[in-house]
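Comments concern the structure below.
No lab work stands behind these numbers, since they all come straight from the coordinates. Here the structure is a predicted model, which means the values were calculated and not measured. Glycine also receives a Cβ, built like all others from the backbone with ideal geometry; neighbour counts cover every protein chain displayed.
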Amino acid sequence: MPSDQRALIHIPIVHTLEDLGSLKESVVRTSLQRSGRTALKRKAQAISEIWKRIEEYVENLHVPWDKVRIYQDALPVSGKEQQIVNDLAAAGSRNHQLVARLIQKGAILMGTESPRLLLAEHAIATKSLQSGIRAGRLARKGGEADSILTKRDRFIADRINHTLQPGETGILFLGMLHSIEPYLEPDIAVTRPSVTA
């Protein structure tokens with residue numbers, strides 16, 4: 001990479017139950033009602049395999065870690081980013097355990113998302129779970145959830161545009177429904193490894 005190039009490795013992720021925080025119990029209950037225990041277990045195993053591939057890919061990157069910025073789905077700009085990562089890593093989130101290991105190597109953790117937009121999306125997800133409608137389906141159908149997702153994408157891209165410096169590499173862990181590339185500045189070279197296939 002040229003010394004003034006900005007690079008972004010965009011890793012599409014699948015959230016584990018441990019990533020869901022206060023929504024975890026509702027999601028498990030809804031999944032058990034809809035699909036049963038066996039299907040829930042199969043889904044958890046498939047997600048675990050995806051995370052194994054993500055971990056192998058990221059931990060085998062040959063980058064100067066002190067010039068890497070970590071951007072994380074659902075990590076608000078708050079001044080409490082490290083504590084949030086530590087808490088979720090301790091709760092068993094493989095995503096946050098991986099982020100914690102990268103920070104130990106020298107990577108810089110970045111607050112990535114708007115707290116206001118995250119709270120709005122959390123409210124929609126809670127309402128959807130209570131009414132039996134999947135938040136993902138709502139997002140694809142359009143409306144308020146789709147609008148918030150687009151606003152989140154713009155915010156994340158803006159954060160990267162303004163904080164990723166020449167000569168640095170960003171690693172973005174972001175859910176598969178997101179689409180930030182249209183909002184990134186053109187000098188940011190994006191790599192999107194196929195670790196979830």
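Work out, step by step, the length gained on full extension between residue 52 and residue 158: first 0.36 nm times the residue separation, then minus their alpha carbon distance; give nm to one decimal. Please report the intermediate quantities before stating the final value.
Values: separation 106, 0.36 × 106 = 38.16 nm, distance 2.97 nm.
Roughly 35.2 nm would be gained on extension.
Using a Debye calculation, one point per C-alpha and no hydration shell, please list log10 I(q)/I(0) for segment 6-191 at q = 0.12 Å⁻¹ in order. After summing over all Cα pairs, the log10 values are -0.59. When only alpha carbons of segment 153-197 are considered, Rg and Dmax amount to 10.8, 31 Å.
Out of 38, 60, 114, whose Cα points farthest toward the positive end of the dipole of the chain (charges: +1 Lys, Arg; -1 Asp, Glu; placed on Cβ)? Result: 38.
The Rg/Rh ratio for segment 48-116 is 0.96, where Rg is the radius of gyration of the alpha carbons and Rh is the Kirkwood radius. Under the simplified labelling scheme, the residue 60-residue 116 pair shows an inter-label distance of 4.4 nm, with each label point 7 Å from Cα along Cα→Cβ. The distance between label points at residue 42 and residue 144 comes to 3.4 nm (points 7 Å beyond Cα on the Cα→Cβ vector).
Modelled label positions at residue 4 and residue 77, each set 7 Å beyond Cα in the direction of Cβ, lie 2.6 nm from each other.
Add -39500 (n - 2.57) for each DSSP H run of 4 or more in the chain, then divide by its residues: what number comes out at 222 nm, to the nearest 500 deg cm²/dmol?
Numbers: 7 runs with 100 residues, N = 197.
Only helices count here, giving -16500 deg cm²/dmol.
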